[in-house]
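Encoded as structure tokens, the structure appears first; notes follow it.
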């Protein structure tokens, strides 16, 4: 096996945990579980309880969630991926830039221009 690719993409959002769940399922990635790290930081008094939330029965850093490629290495003590990784971070609505924010129709149009086809819903794939 060759060396793992190492890149990180940061996505500004309004609901980091939900987007992490969606993109993990869509890409076949795994949602990072940082609960052991969070528990250690809380126990040591290094993280306030207000910085923690719960999602799907797991403690998470409030406003943050990450997914990683399942074949890439990760730190077993922190859950943080060391390869291909996408971090979702909640940002206030007013801080979102119009230069990088697109609505869904714009994204669909850009994907179609690049040759992407819509996924079939309840029927056979196109071209089959």
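Coordinate-derived values only; no laboratory data. The structure presented is a predicted model; accordingly, all values stated were derived computationally and were not measured.
The table for this structure:
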read-out: Those residues of region 52-84 which are in a strand (DSSP E or B) and over 15 Å from residue 20 (Cα atoms), in sequence order; value: 52, 74
read-out: Enumeration of residues in region 1-51 that are assigned to a strand (DSSP E or B), within 10 Å of the chain's Cα centre (by Cα) and closer than 11 Å to residue 67 by Cα; value: 9, 10, 30, 31
